[in-house]
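Everything on this sheet refers to the single structure shown next.
The values are calculated or read from the model by the stated rules, or taken from the named source; none is laboratory data. Note that this is a predicted model, so its numbers are computed, not measured. A quick note on method: Cβ atoms are made from the backbone with ideal geometry, for glycine too, and the neighbour counts reach across all protein chains shown.
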Amino acid sequence: MKSIKDQTYYEILEVIPTATDKEIQRAYEHAKETFHTDSLAVYSLFSEGEVREIQSAIEEAYRVLMDGALRRSYDQSHFQTIGGQPPEKPSDAQGVSREKKPSLSFTGISFNPDEELYRGKTLKQIRERMGVELQIISKETKISIKVLEWIEEEAFEKLPALVYLKGFLKVYAQSLGLNPQKVVEEYLLLIEESKKK
Amino acid sequence: MIWTIGGGKGGSGKSFITVNMGICLSKLGARVVLIDADLGGANLHTFLGISPPALSLSDFIKKRVPHLREVLIPTTIPNLQLLTGAQDLLNAADAKSVQKRKLVRSIQSLGSEMILVDLGAGNSVSVLDFFLMSDGGILVVTPEPTSVENTYRFLKSAFYRRLRQSVSSLSVKALIDGAMDRKNEMGIQNPHDLVKAVRRINEGEADRIMEEVETFHPNLILNQVRSKKDIEIGFSIRSACLKYFGIHLHYLGYVVYDQDVSNSIRRRRPLVLENSRSRAAQCIMEIASKLANSQ
């Protein structure tokens with residue numbers, strides 16, 4: 001039993017020290033949802049102050065662990081302090097290939113930075129944070145790089161017919177460990193809005 | 001194995017789950033005894049569609065029958081028997097530790113592989129003790145603030161009672177008693193603060209408390225879930241318990257909200273017999289399989 005201040009960033013996010021970026025991303029989404037101010041799981045158990053403290057610890061852990069350089073430096077300082085070896089982190093490509101068909105588990109809650117709708121630039125931002133190249137996504141999802149680029153650039157006029165686009169968005173979202181239904185719904189909403197303009 | 005089903009709020013589905021899980025376990029080949037210890041509303045017999053039993057645990061405790069086996073009520077389901085006597089069971093839990101253990105040994109000597117005890121709602125000392133004495137305590141919660149709040153209240157009481165039972169120092173016991181009140185004057189807001197406070201006065205007792213925390217693994221069933229988001233609440237409760245208590249709560253599974261449940265209760269026919277293909281019945285079967293495999 002450790003207080004939040006004494007927990008490692010890995011313990012805060014409930015991941016192992018060799019977790020891939022994708023695993024950290026999912027764990028972060030779960031932690032963010034769990035320790036949201038309105039979350040049922042914290043109701044009556046934690047004080048508001050305790051929830052705020054946990055929330056900021058989660059954000060800090062995520063910020064450090066999702067940044068390759070910061071994570072390496074944290075691992076070195078932390079694991080040297082406790083007398084161990086820094087864990088060998090799998091490469092991002094390994095991370096993607098390790099789970100060829102990432103299925104949305106119960107814990108796969110959608111991540112949405114800044115509480116914005118999922119749009120092309122959001123997907124690009126998440127992918128880049130995870131350090132995954134479009135080529136890897138393309139190889140994994142069998143979607144052409146051009147289409148992936150159009151999705152991210154929100155080049156709506158170039159995108160394939162809706163029936164195909166839905167499928168592409170779903171698979172792309174899954175490859176990033178996001179909630180496919182939410183991504184599809186919000187992306188299509190964006191297209192609708194652009195048509196109105 | 002003795003499993004106790006408790007915590008949460010009245011109406012969260014403990015009796016319904018106890019009965020149906022017991023039937024599933026008996027279908028899986030285990031000899032099962034259901035014990036009705038719901039002080040406020042003992043009615044497992046109704047869920048099973050049988051009349052209120054004439055014999056109860058008191059007949060055994062008052063030595064009107066020589067063996068506990070004789071107060072077991074047969075049911076129409078092979079390998080499944082019922083034992084009632086809530087008042088006696090919980091009074092016994094209030095009794096001295098030796099008597100409690102004697103009763104537990106008698107229950108164990110029934111030769112059943114699975115004993116499911118429906119503790120009902122509430123968190124009296126007797127209920128907590130039985131929950132802690134069993135091989136596995138199961139909390140049934142619905143995804144509603146009132147149910148979650150009551151479950152946490154129960155869990156806190158059980159947690160602190162377990163810690164209290166593990167230490168011998170009176171001053172440490174007093175600290176634990178104080179910690180249960182969040183407005184205590186010692187500034188102990190949560191279990192982490194408690195361990196720090198105990199460590200300041202008694203290192204050995206602090207270590208014992210940590211061992212107790214490590215080995216306390218209650219189980220959770222989420223009932224009446226309506227969406228995927230509801231299902232995820234179980235995982236979130238697990239994470240919240242890890243952060244707050246430092247305990248590893250085991251999320252056994254969930255049971256979906258299903259109209260077939262209330263239909264089966266009205267007909268006094270257990271759901272897993274009445275409509276085994278219903279979604280809720282499938283969920284219960286899955287949880288029962290996990291219990292059977294955990295033996």
Filtering segment B:203-213 down to residues that are closer than 23 Å to B:Thr4 by Cβ and either of a type in the set (A, V, I, L, M) or without any contact (Cβ under 8 Å) to a residue 24 or more places away in the chain (or both) yields B:Ile209, B:Val213
Residues within segment A:51-80 that are within 14 Å of chain B (Cβ to nearest Cβ) and touching a residue at least 24 places away in the same chain (Cβ under 8 Å), tallied: 5
For residues that are among the small types (Gly, Ala, Ser), touching an Asp or Glu at 6+ places or on another chain (Cβ under 6 Å) and part of a helix (DSSP H, G or I), tally how many sit in segment B:163-194. 1
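How many residues does segment B:195-246 hold that are part of a strand (DSSP E or B) and farther than 19 Å from B:Gly137 by Cα?
Residues of segment B:195-246 part of a strand (DSSP E or B): B:219-225.
When the remaining residues are screened for being farther than 19 Å from B:Gly137 by Cα, the result is B:224-225.
Selection size over segment B:195-246: 2.
Going by the structure shown, is A:Thr8 among the β-branched types (Val, Ile, Thr), at the interface with chain B (Cβ under 9 Å from one of its Cβ atoms) and either surrounded by 22 or more Cβ atoms within 10 Å (Cβ to Cβ) or in contact with a Phe, Trp or Tyr (Cβ under 9 Å, 6 or more places away or on another chain) (or both)?
Working: among the β-branched types (Val, Ile, Thr): yes; at the interface with chain B (Cβ under 9 Å from one of its Cβ atoms): no; either surrounded by 22 or more Cβ atoms within 10 Å (Cβ to Cβ) or in contact with a Phe, Trp or Tyr (Cβ under 9 Å, 6 or more places away or on another chain) (or both): yes.
So A:Thr8 does not fit the description; no.
Residues checked against (1) under 26 Å from B:Ser147 (Cα atoms); (2) at pLDDT 90 or above:
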{"residue": "B:Ile2", "(1), (2)": "yes, yes"}
{"residue": "B:Gly7", "(1), (2)": "yes, no"}
{"residue": "B:Val19", "(1), (2)": "yes, yes"}
{"residue": "B:Ala30", "(1), (2)": "no, yes"}
{"residue": "B:Asp59", "(1), (2)": "no, no"}
{"residue": "B:Leu72", "(1), (2)": "no, yes"}
{"residue": "B:Leu83", "(1), (2)": "no, yes"}
{"residue": "B:Asp88", "(1), (2)": "no, no"}
Please go through segment B:229-247 and pick out each residue that is surrounded by fewer than 22 Cβ atoms within 10 Å (Cβ to Cβ), farther than 18 Å from B:Phe216 by Cα and facing another protein chain (nearest Cβ under 7 Å). B:Ile231
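Enumerate the helices (runs of 4 or more DSSP H) found wholly within segment A:83-197, keeping only those where 1 or more residues are under 30 Å from B:Glu232 (Cβ atoms), at pLDDT below 65 and of a type in the set (D, E, K, R). It would help to see each step written out before you state the result.
Working: elements: A:92-98, A:120-129, A:134-141, A:145-153, A:162-175, A:180-196.
Once the helices (runs of 4 or more DSSP H) in segment A:83-197 are filtered for at least 1 residues that are under 30 Å from B:Glu232 (Cβ atoms), at pLDDT below 65 and of a type in the set (D, E, K, R), what remains is A:92-98.
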Evaluate segment B:186-202: report whether one residue or more is surrounded by fewer than 16 Cβ atoms within 10 Å (Cβ to Cβ) and either touching a residue at least 60 places away in the same chain (Cβ under 8 Å) or at positive phi (or both). yes
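For residues that are in contact with a helix residue (DSSP H, G or I) (Cβ under 6 Å, 6 or more places away or on another chain) and not hydrophobic (A, V, I, L, M, F, W, C), scanning just segment A:173-193, find the one that is farthest from A:Met66 (Cα to Cα). Walk me through it before giving the result.
Taking segment A:173-193 and keeping what is in contact with a helix residue (DSSP H, G or I) (Cβ under 6 Å, 6 or more places away or on another chain), we get A:173-177, A:180, A:183-184, A:187, A:191.
Imposing the further condition that a residue be not hydrophobic (A, V, I, L, M, F, W, C) reduces the set to A:174-175, A:177, A:180, A:187.
Numbers: A:Gln174: 19, A:Ser175: 17, A:Gly177: 15, A:Pro180: 22, A:Tyr187: 25 Å.
Ranking the qualifying residues of segment A:173-193, first place goes to A:Tyr187.
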Scan segment B:219-233 and tell me whether some residue there is within 25 Å of the chain's Cα centre (by Cα), at pLDDT 90 or above and of a type in the set (Lys, Arg). yes
Of all the residues that make up segment A:22-65, how many are assigned to a helix (DSSP H, G or I), small (Gly, Ala, Ser) and under 22 Å from B:Val141 (Cα atoms)? 2
Please specify each residue of segment A:16-47 satisfying the condition of being more than 10 Å from chain B (Cβ to nearest Cβ) and closer than 28 Å to B:Ala206 by Cβ. A:Ile16, A:Pro17
Filter segment B:142-185 down to the residues that are within 13 Å of chain A (Cβ to nearest Cβ), of a type outside the set (D, E, K, R) and exposed (fewer than 14 other Cβ atoms within 10 Å of the Cβ) and list them by number. B:Pro145
With respect to B:Leu252, is the statement that it is touching a strand residue (DSSP E or B) at 6+ places or on another chain (Cβ under 7 Å), within 14 Å of chain A (Cβ to nearest Cβ) and more than 20 Å from A:Glu33 (Cβ to Cβ) true? yes
